[in-house]
Amino acid sequence: MSVQATSTPQTVSATEQTLRKAPRWTIASVFGTILKYLLLTALAFSFLLPMFWMASSAVKDDAQVYTVPPVWFPNPAYPENFINAWATHDFNLYAFNTVFRYALPVTIGVTLSSAFVAYGFSRIQWKGRNIFFFVCLATMMVPFQVTMVPLFIIFKNFGWVNTFLPLVVPAFFGAPYFIFMLRQFFMGIPTELSDAARIDGANEFITMWRIILPLTKPALMVVALFTFMNTWNEYLGPLIYLRREEQYVLALGLESLRRTIASIANVALAYPYLMAVSTIITVPILIAFFLTQRTFIEGISLTGLKG
Amino acid sequence: MAVSTAPKKLWFGMTTSERRNFFTGLTFISPWLLGFSLWTLYPLISSLRFSLTRYDLLRDPVFIGLRNYVEIFTEDPLFGTVTYNTLYYVGLSAPLGVASAFLLAILLNTEIRGRSAWRAIFFFPAIIPAFVTAMVWQFLLNVQYGAINGALQAIGLPIIPFIANPALAKPTLIMIHLWAQGNAMVIFLATLQDVPRSLYEAATVDGAGAWQKFKNITVPMCTPVILFNMVIALIYGFQNFTLPWLLTQGGPNSSTELYTLFLYRNAFEYLRMGKASALAWILFVVIVIFTIILFRTSERWVFYGSGDE
């Protein structure tokens with residue numbers, strides 16, 4: 001809260017007076033703060049538990065995995081598991097495929113197209129808009145099993161099986177989840193801004209590009225981040241359309257590792273290797289989130305007109 | 001854009017400006033409209049066709065009319081159980097999930113040190129791929145080797161057969177769902193940031209306490225996004241497949257046999273593609289109905305603010 005001190009006492013507003021009168025520290029607020037941190041710590045502990053288990057199991061050997069009571073800090077630890085597990089398959093290639101042939105193109109496609117479509121559903125008043133929007137929403141309710149097989153047949157007829165095309169091209173046609181989300185955000189921007197732009201002679205496209213989009217950068221970042229994340233983890237799509245090993249993405253590589261292990265009885269270090277690769281796969285997303293959260297969470301106010 | 005003299009109706013009962021807006025709007029949504037026709041509408045109609053057939057992928061589909069639907073509703077022994085399981089799961093996990101995401105976001109939106117770290121921690125579970133989650137939790141919840149039961153035993157409490165006990169299996173799934181609410185939480189965080197500070201300051205001047213500010217400013221300003229997250233939770237809750245499939249395989253005793261698992265089995269294990277398509281369509285209709293209900297009742301509590309009065 002930025003309360004500015006003014007030059008003379010008479011010009012201090014009633015607002016500032018009230019705000020300055022409130023004491024900063026009370027017993028209740030200190031107690032509340034301690035309680036808050038306790039709660040946060042307890043919650044964080046339970047949230048992190050499974051991931052800590054995953055990381056700690058990654059450096060175990062088989063005996064330690066199945067020990068009762070469970071081992072949290074394996075001693076001795078085997079960090080070479082990470083290198084050895086990664087080397088069992090061509091995970092570097094899978095990582096390249098995941099980022100540059102799949103996740104990045106899809107992220108760009110979804111973000112741009114969803115924003116474009118969401119603008120049409122929110123900032124323009126036109127007849128039939130709500131019906132089309134509801135149809136758009138309705139597509140989200142279609143379980144993937146309904147369209148899975150017919151879609152495969154369509155892509156087979158296009159000759160797109162065994163390429164990244166069935167996975168990337170649909171991304172440029174908008175994603176209903178994000179169209180919905182961006183529409184809600186766009187609707188929160190006052191119509192006065194659009195009216196002002198229209199009066200200044202801007203058409204809808206310029207209004208969108210120059211005014212609305214910059215104001216909703218936090219929401220667009222969320223769309224980009226979520227899309228990237230979901231494609232990074234996506235399994236079923238690649239499973240259906242990427243048949244050759246040199247096209248594999250990380251999710252398929254991990255599954256391939258799991259199947260190799262499952263098919264050979266009593267493979268040493270099976271569980272630790274799986275946990276090791278899983279840990280490596282999840283680290284980049286965590287870093288990406290950590291670095292970008294400042295941008296979209298502490299972003300600019302959407303209303304654009306601070307009181 | 002009201003005109004004092006009667007506007008000339010030119011085209012399909014629309015005025016000039018209405019027509020212009022109509023085509024502008026259509027242009028903006030055209031990418032979605034095209035994609036919808038290609039990858040959704042056509043496959044949908046295809047699968048509706050399949051639902052009226054007996055089709056096992058090996059031979060050609062055979063038209064049997066509404067037989068699949070009749071069988072599902074009157075003859076299938078598992079349909080009732082599956083429906084109950086799914087309604088139980090969605091009915092609890094959707095509202096609880098949204099509520100917990102909202103409360104977490106509020107907690108994280110206050111003045112705390114190391115906020116970025118806290119947020120990353122709570123978001124983390126949501127980004128773990130589904131089958132990693134299943135592998136890890138399966139081990140954690142294990143009665144013999146699991147860390148959770150190990151901890152319970154260490155402090156003298158009885159072990160809990162999370163996924164071995166039919167009565168506990170669904171609540172366990174819901175618990176894991178609550179653990180992975182990072183997505184909704186982050187969306188709420190972005191929303192909370194956008195509640196104008198001026199409103200809070202004005203409330204403070206009026207003497208409002210923290211609870212009143214929460215009830216009268218924070219919650220109403222967040223209602224559009226609360227609705228969004230509720231609708232999403234509902235839609236995806238009904239379609240939840242990967243985690244229950246990998247974690248419990250529908251067991252024990254079909255206590256976690258959700259609708260989507262049942263559908264998958266009919267399609268790929270019993271090779272009843274026609275029946276599976278029928279099941280998929282029923283699910284689709286149910287989801288649509290619930291969503292309409294949610295939207296209709298939302299008009300009473302959602303507040304679409306647009307800046308000043």
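The values are calculated or read from the model by the stated rules, or taken from the named source; none is laboratory data. Quick caveat, the model's predicted, so the values are computed rather than measured. Cβ sites come from the backbone with ideal geometry, for glycine too, and all protein chains shown count toward neighbours.
Key figures
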{"item": "All positions within the stretch A:103-159 that are more than 7 Å from chain B (Cβ to nearest Cβ), of a type in the set (S, T, N, Q) and within 23 Å of A:LEU236 (Cα to Cα)", "result": "A:THR107, A:THR111, A:SER114, A:ASN157"}
{"item": "Filtered residue count, the stretch B:47-63, keeping only those that are in contact with a Leu (Cβ under 9 Å, 6 or more places away or on another chain) and closer than 14 Å to B:ALA276 by Cβ", "result": "6"}
{"item": "Residues within the stretch B:282-304 that are facing chain A (nearest Cβ under 8 Å) and more than 15 Å from the chain's Cα centre (by Cα), tallied", "result": "1"}
{"item": "Residue that is among the polar types (S, T, N, Q), within 21 Å of B:ILE127 (Cβ to Cβ) and part of a helix (DSSP H, G or I), where the choices are B:THR191, B:THR218", "result": "B:THR191"}
{"item": "Meets criteria (at the interface with another protein chain (Cβ under 10 Å from one of its Cβ atoms) and either closer than 30 Å to A:GLY32 by Cβ or touching a residue at least 60 places away in the same chain (Cβ under 8 Å) (or both)) for B:PRO196", "result": "yes"}
{"item": "Residue in the stretch A:27-35 that is within 8 Å of chain B (Cβ to nearest Cβ) and in a helix (DSSP H, G or I) present", "result": "no"}
{"item": "Residue in the stretch B:206-223 that is touching a residue at least 40 places away in the same chain (Cβ under 8 Å) and either of a type in the set (Val, Ile, Thr) or in contact with a Lys or Arg (Cβ under 9 Å, 6 or more places away or on another chain) (or both) present", "result": "yes"}
{"item": "The stretch A:77-132 - residue that is of a type in the set (Gly, Ala, Ser) and touching a Gly at 6+ places or on another chain (Cβ under 6 Å) and, of those, farthest from A:PHE185 (Cα to Cα)", "result": "A:SER113"}
{"item": "Residue identified as crowded, with 16+ Cβ neighbours inside 10 Å, facing chain B (nearest Cβ under 9 Å) and farther than 24 Å from B:TYR236 by Cβ among A:PRO170, A:PRO190, A:PRO176, A:PRO218", "result": "A:PRO190"}
{"item": "Search result, residues across the stretch B:1-41 that are over 18 Å from A:LYS127 (Cβ atoms) and at pLDDT 85 or above", "result": "B:PRO31, B:LEU34, B:GLY35, B:PHE36, B:SER37, B:LEU38, B:TRP39, B:THR40, B:LEU41"}
{"item": "Selection count where residues are crowded, with 21+ Cβ neighbours inside 10 Å, part of a loop (DSSP other than H, G, I, E, B) and without any contact (Cβ under 8 Å) to a residue 12 or more places away in the chain, scope the stretch A:81-131", "result": "1"}
{"item": "Number of the condition not met by B:GLN144 [criteria: (1) more than 18 Å from B:PRO244 (Cα to Cα); (2) modelled with pLDDT of 80 or more]", "result": "(2)"}
{"item": "Residue match in the stretch A:236-246 (condition: modelled with pLDDT under 85, over 30 Å from A:ARG101 (Cβ atoms) and within 12 Å of chain B (Cβ to nearest Cβ))", "result": "no"}
{"item": "Candidates B:VAL136, B:VAL143, filtered to the one that is free of Cβ contacts under 8 Å to residues at least 60 places away in the same chain, within 14 Å of chain A (Cβ to nearest Cβ) and assigned to a loop (DSSP other than H, G, I, E, B)", "result": "B:VAL143"}
{"item": "Leading residue by the ranking (farthest from the other protein chains (Cβ to nearest Cβ)) among those in the stretch B:146-162 that are crowded, with 21+ Cβ neighbours inside 10 Å and part of a loop (DSSP other than H, G, I, E, B)", "result": "B:PHE162"}
{"item": "Meets criteria (of a type in the set (Phe, Trp, Tyr), away from chain A (no Cβ under 12 Å) and more than 30 Å from B:ASN85 (Cα to Cα)) for B:PHE214", "result": "yes"}
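Okay, residues lined up against (1) of a type outside the set (A, V, I, L, M, F, W, C); (2) farther than 30 Å from B:PHE284 by Cβ:
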residue: B:GLY80; (1), (2): yes, no
residue: B:ALA94; (1), (2): no, no
residue: B:ALA99; (1), (2): no, no
residue: B:LEU108; (1), (2): no, yes
residue: B:PHE124; (1), (2): no, yes
